[in-house]
Structure formats: C-alpha cells, structure tokens
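Colleague: Below is a structure I'd like to ask you about.
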Amino acid sequence: MAQVVTSHRGPVTGTANRAKKRRPFLIDLYSTAVGKKYVMALTGIGMMGFVLFHMIGNLKMYAGAADLDHYAHFLQTLLYPLAPKGWVLWILRGGLITMFVLHLHAAWSLTRLNREARPVKYQSSRDYQIANFASRTMRWSGLIVLAFIVWHLLDLTFGVVNSEVGNMVQYEGDTEKIKAVYVSVIASFDRIPVALFYVVANILLGIHLFHGAWSIFQSLGWNNPRFNKWRRAFATGFAAVIVVGNVSFPVAVMAGVIS
Ligand code: HEM
C-alpha cells in the first residue's frame, strides 16, 4: 500500500507568510487624515505661540534701540549660566523648525489625500457658503507667508540682504558688546518695497491665522455649534492682534515715527 506523504510546503514566495510588522502608534495615526489634521492643529498652536511672543518682543522697538537689543541679547543668553550661551535658543529653534516641517508636510499630504479622493473636479460651480475666503486661500496665503519667512531670515537673521546685520554695540553700563538688532530692523524697513512686502505678507499671515485659529477646534473635534461664537471671536481677535502689531513696525519706520 502506497504511503501517504504529508509535507508542509512553505510559502510560494519568501514574503507571503511573513507577519506584518506593526508600525509605532504615532506613525500609524499620522498615516490617517485625522492624524494629519491633529498634527496640523498642534503644530499650528505651537507656531501661533511663537508668532504672538515674537510680536510682543518686537514691541520693544517702541521703547528704543537699547531695549530691543537687550531683549535680543536676553534671548541669546536664555538660562545662562545654567546652560551655555545660545543653547536654549537653539533648542527652541529646533522645536520651531520641527513644528514648521511637520505643519508643511501634513498640509502637503492632506492636499494629496483630498486630490486622490476626488480625482475629477467638481462639475458645477461651488457654493462657498461655509468655505469662506480665508479657508479657500489657505494654500496661497501659506505659500506667500513661506516666501516671506525665507526673505525675513535672509534679511534680519543671516544678513544676506541686509548689510547692517552682524554689527555690535556697547551700551553704557554693559560689560560687553551685543548685537545691534534695532539698527538692522530700521535699515530693512527704510527700503520702501521691503517695508510694503512686510505689510502685505503680514496681512496674509493674518488671514492664514484667522482660518487656522478657527480650524484648530474642528481638527481637534471641539466643534459644538454652541461654541461657534467664541471660536470666531478668538480667531478674529488673535489674527487682528498679530496683524496690527506686525504691520505697525514697517509702517512706523516709513512714517518716521521710529528711526
Ligand atoms: C514686522 C514684523 C516682524 C519683525 C519686525 C521681526 C523682527 C525680527 C528680528 C529683528 C529678528 C532677528 C532677531 C535676532 O537676530 O536676534 C527676527 C527673527 C525671526 N523672525 Fe521675525 N519679525 C517679524 C515678523 C515675523 C513673522 C510674521 C514671522 C513668522 C511667521 C517671523 C519669524 C522669525 C523667525 C523664525 C526668526 C528667527 C529666530 C531665531 O532663529 O532666532 N518674524 N525677526
């Protein structure tokens, strides 16, 4: 009698039966649209904090050169001597860059997900009752703000387009020279086209912030209609404070209020 041979045959290909490796939870979450919206909201909140503090710090300009320069120096030497000079600022910059990159990546990949979900354009004209002007211009305002940030860093941080950056000054009573930030800001805004670019970019930043501040609640799921009044008030108030503060600086220099 023929013997039945039972053999356990392996998978046809080397990959067929391989157990699927689980990705870490946060990466898994980020691969979903909800996860990306969370990332947009949380990084947005962080950057709103930066923009607010940056604007408040820059108000020192109205108190004069010494106040603004000492404030910039304070940031450079944050927590010194507990931490070496410049370290804390670099950690904060690292956090800001991380938030910025994540915010851009999430925006870009959400746009791609949206396009994949609707490869054929809407055939009828859209009824933009809910999607207002700010929300429809999010990508454009975001891109122009991005161009502004690149210029701004080349201008006031790296001095590529501003020969006053890098100058040092010693004030009475100080033991060392510090960066002469005030002079470089004035030099920047003394160029009318540059000052006007700052005005336009900051108005667009305001439009971007208005919709962003409004959307945070939606993205995080806190969108009970009862709170809509407060959401609108918060988004309007926040964007207005930033625009008025930031636009005032180039306007004040052009008007000769500060020089
Ligand atoms: C008219 C409005 C603004 C003025 C007068 C201004 C002024 C300045 C100055 C003077 C610096 C250099 C500080 C230093 O070297 O110590 C700076 C850096 C910077 N600004 Fe602004 N800024 C304005 C608006 C903005 C806006 C709207 C953003 C972002 C959306 C922004 C983002 C930055 C960043 C990322 C840096 C580099 C910070 C660092 O690495 O230390 N600024 N700004």
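Where a number appears in this text, it was derived from the coordinates with a stated rule and is not lab data. Just so it is clear, the structure is predicted and the values come from calculations on it, not from any experiment. With ideal geometry, Cβ positions are generated from the backbone for all residues, glycine too; neighbour counts draw on all protein chains shown.
Colleague: Once you've got the Cα coordinates, tell me which of K60/K177; K37/K85; K60/K85; K36/K60 are over 30 Å apart.
Modeller: K37/K85; K36/K60, as the Cα separations exceed 30 Å there.
Colleague: Using the crude model of +1 on Lys and Arg Cβ and -1 on Asp and Glu Cβ, and no other charge, please compute the dipole size for the chain relative to its Cα centre, in debye to 20.
Modeller: 1920
Colleague: If one takes the longest principal axis of the Cα atoms in the chain, at what angle in degrees, from 0 to 90 and to the nearest 10, does the Cα axis of helix 87-117 lie?
Modeller: It works out to around 50 degrees.
Colleague: Find the centroid of the Cα atoms in segment 150-171 and in segment 72-120, then give the distance between the two in whole Å.
Modeller: So the two Cα centres are separated by 21 Å.
Colleague: In degrees, nearest 10, range 0 to 90: what is the angle between the Cα axis of helix 65-76 and the longest Cα principal axis of the chain?
Modeller: Taking Cα atoms only, the helix is inclined about 30 degrees.
Colleague: Here is a follow-up. Which value in deg cm²/dmol, rounded to the nearest 500, describes the helix-derived mean residue ellipticity at 222 nm for the chain, given -39,500 (n - 2.57) per DSSP H run of n ≥ 4 and division by the residue count?
Modeller: -20500 deg cm²/dmol
Colleague: Another question, then. Looking at the chain, what % of the alpha carbon pairs are farther apart than 34 Å?
Modeller: 36
Colleague: Highest first, please rank the peptides 234-243, 169-178, 205-214, 146-155 by the mean number of other Cβ atoms sitting within 10 Å of their residues.
Modeller: 205-214, 234-243, 146-155, 169-178
Colleague: Expressed as a rounded percentage, what relative contact order does the chain have, with Cα pairs under 8 Å and six or more residues apart?
Modeller: Relative contact order comes out at 22 percent.
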